[in-house]
Ligand SMILES: NC(=O)NCCC(=O)O
Ligand SMILES: [Zn+2]
Ligand SMILES: [Zn+2]
């Protein structure tokens with residue numbers, strides 16, 4: 001049940017501005033943002049003096065209850081979302097995987113799994129094969145509120161699509177006004193490298209790192225971006241982990257492409273050296289794809305976030321506990337891929353980027369909330385504190401410090417890649433759908449309270465794409481709006497007519 005809350009005396013931080021203001025919440029919505037708001041008779045007042053009042057985080061990249069690599073990620077839609085709320089994230093967009101190649105069946109499975117949700121959520125759908133049924137299902141799913149589809153270039157023989165399939169998928173996404181997302185690593189080179197590394201006698205978690213050099217990610221990113229350029233469709237590049245891939249995103253944006261580059265918290269705030277730890281339990285928890293890379297890559301990712309080349313910070317929360325990671329003991333190729341982060345994202349991002357002076361609090365809101373709301377077309381319902389927006393709000397104390405640990409986190413993971421780390425800043429209160437659900441160190445969540453948020457297709461990223469197509473026809477004839485006709489004998493055509 002929604003509360004009537006007056007958050008008084010804080011500093012409201014949106015992506016566009018920061019101001020001293022109160023926030024009035026009722027009926028699950030923000031009613032007013034302004035100075036000296038009066039508390040209605042039934043309101044509870046929360047004193048936010050010295051605190052920042054910001055939109056709740058949106059994590060657009062999670063894998064809850066995900067069937068992957070012979071096991072199921074250990075956070076379901078209850079525990080993963082409870083962890084999210086304790087860390088200030090009030091909405092996530094999870095990746096629904098097809099069931100035996102069937103998109104509609106996969107979506108139904110994930111919707112059923114999400115019935116125990118405690119906060120707002122939505123889905124991207126993974127496309128892992130191609131035929132007419134897949135194309136038709138994409139249309140059905142778009143009508144049902146799925147406005148993004150993920151294509152894997154990696155995971156050969158499981159999820160990976162060929163370039164031909166990717167092209168068909170990109171074109172279908174464009175037709176639907178849905179945003180294609182790509183996991184960019186070269187699948188064939190990966191298999192080759194994995195075989196070579198394993199044959200050389202390296203079987204532990206470091207083999208995962210050694211068999212996924214940055215050049216595979218750089219190449220995959222460049223290829224996906226160029227194919228998206230050819231089709232003239234916006235592209236969302238998931239989990240950019242290498243400096244080279246960030247450069248590819250920047251190059252495409254400089255060239256005028258509509259590209260969103262996603263960093264994940266582990267990509268710039270975790271440590272590559274941990275995968276070399278002699279203890280398998282420690283090392284395996286850092287195995288994710290693309291891998292966590294060297295400090296120099298991390299520096300470049302942070303610079304790309306500060307400079308606006310990468311536009312979103314997500315997590316890729318794909319939690320596998322230490323007994324699940326042991327599936328790959330003796331063969332790094334079988335270690336379930338994924339790390340935690342849904343609870344830690346806001347804190348490690350603040351600590352690494354704001355507390356160090358690289359970005360401003362408004363940049364922080366943009367990267368952790370507003371930009372995802374824009375990309376997935378739910379702004380300003382989410383991603384901003386403004387009258388009429390959903391009352392998903394956090395109260396953040398920039399002066400507090402706390403320690404991240406598996407002993408105190410809310411995920412079902414028995415490890416934490418940020419174990420023992422002291423971070424500056426703390427989410428003191430999380431308000432979800434107008435209810436304080438994290439307050440005073442306690443969670444007050446209710447299974448079933450979460451809502452599926454249907455995401456509409458089209459939207460700003462697709463605005464004017466048809467006009468762009470028309471002007472693109474010299475370069476991109478097959479996807480252009482008007483076929484180019486050869487001039488008749490004696491007739492000349494100006495460049496503008498082509
Ligand atoms: N990233 C990762 O290692 N696991 C989750 C699946 C994916 O996003 O590729
Ligand atoms: Zn991926
Ligand atoms: Zn992922």
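All of the numbers you see were taken from the coordinates with simple rules; none came from a lab. Quick caveat: nothing in here was measured; it's all calculated off a predicted structure. When we count neighbours, we look across all protein chains shown, and the Cβ atoms used for this are built from the backbone with ideal geometry, even at glycine.
Residues of the range 89-120 with amide nitrogen under 11 Å from the 7 Å Cα-to-Cβ point of residue 451?
Under cut-off, by backbone N: 120.
Extent of the chain along each principal axis, from alpha carbon coordinates, in Å, largest to smallest?
81, 62, 43
Measuring from label point to label point, each 7 Å out along Cα→Cβ, what is the residue 279 to residue 1 span in nm?
So the two model labels end up 4.8 nm from each other.
At what distance in angstrom do the alpha carbon centres of the range 77-141 and the range 56-71 lie from each other?
9 Å
Can you work out D for the range 361-470 in µm² s⁻¹ from Stokes-Einstein, where Rh is the Kirkwood radius over C-alpha pairs, the temperature is 37 °C and the viscosity is 0.692 mPa s?
It comes out at roughly 195 µm²/s.
Along Cα→Cβ, 7 Å out, is where each label goes; now give me the distance between the ones at residue 18 and residue 331 in nm to one decimal.
5.2 nm
Could you please rank 150, 116, 133, placing first whichever residue has the fewest other Cβ atoms within 10 Å of its Cβ?
With the fewest neighbours first, 150, 116, 133 line up as 133, 116, 150.
R0 = 56 Å: FRET efficiency of residue 414 with residue 488, Cβ-based, nearest 0.05?
0.15
How high is the relative contact order of the chain, given as a whole-number percent (alpha carbon pairs under 8 Å, six or more residues apart)?
21 percent
Considering the Cα trace of the range 109-223, what is its radius of gyration and what is Dmax, both in angstroms?
Computed over the Cα atoms of the range 109-223, radius of gyration and Dmax are 16.9, 50 Å.
Students often check this: by mean Cβ neighbours within 10 Å, which of 322-328, 154-160 ranks highest, and how do the rest follow?
Ranking the peptides 322-328, 154-160 by packing returns 322-328, 154-160.
To check you understand DSSP bridge types, tell me what percent of the beta bridges within the range 54-443 (both residues inside) are antiparallel, rounded to 5.
Taking every DSSP beta bridge within the range 54-443, about 40 percent pair in antiparallel fashion.
Multiplying the sequence separation of residue 144 and residue 439 by 0.36 nm and subtracting their Cα-Cα distance, what value in nm do you get?
Extra length available between residue 144 and residue 439 comes to 102.8 nm.
Students often get this wrong: which residues of the range 24-64 have the backbone nitrogen under 14 Å from the point 7 angstrom along Cα-to-C-beta of residue 400?
47-54
Order of 320, 151 from fewest to most other C-beta atoms within 10 Å?
151, 320
Provide the packing ranking of 88-95, 204-211, 99-106, i.e. peptides ordered by the mean count of other C-beta atoms within 10 Å per residue, highest first.
The peptides rank, most packed first, as 88-95, 204-211, 99-106.
Once each part is reduced to its C-alpha centroid, what is the distance from the range 406-431 to the range 233-298 in angstrom?
21 Å
Which ordering of 409, 297 is given by a fewest-first count of other beta-carbon atoms within 10 Å?
409, 297
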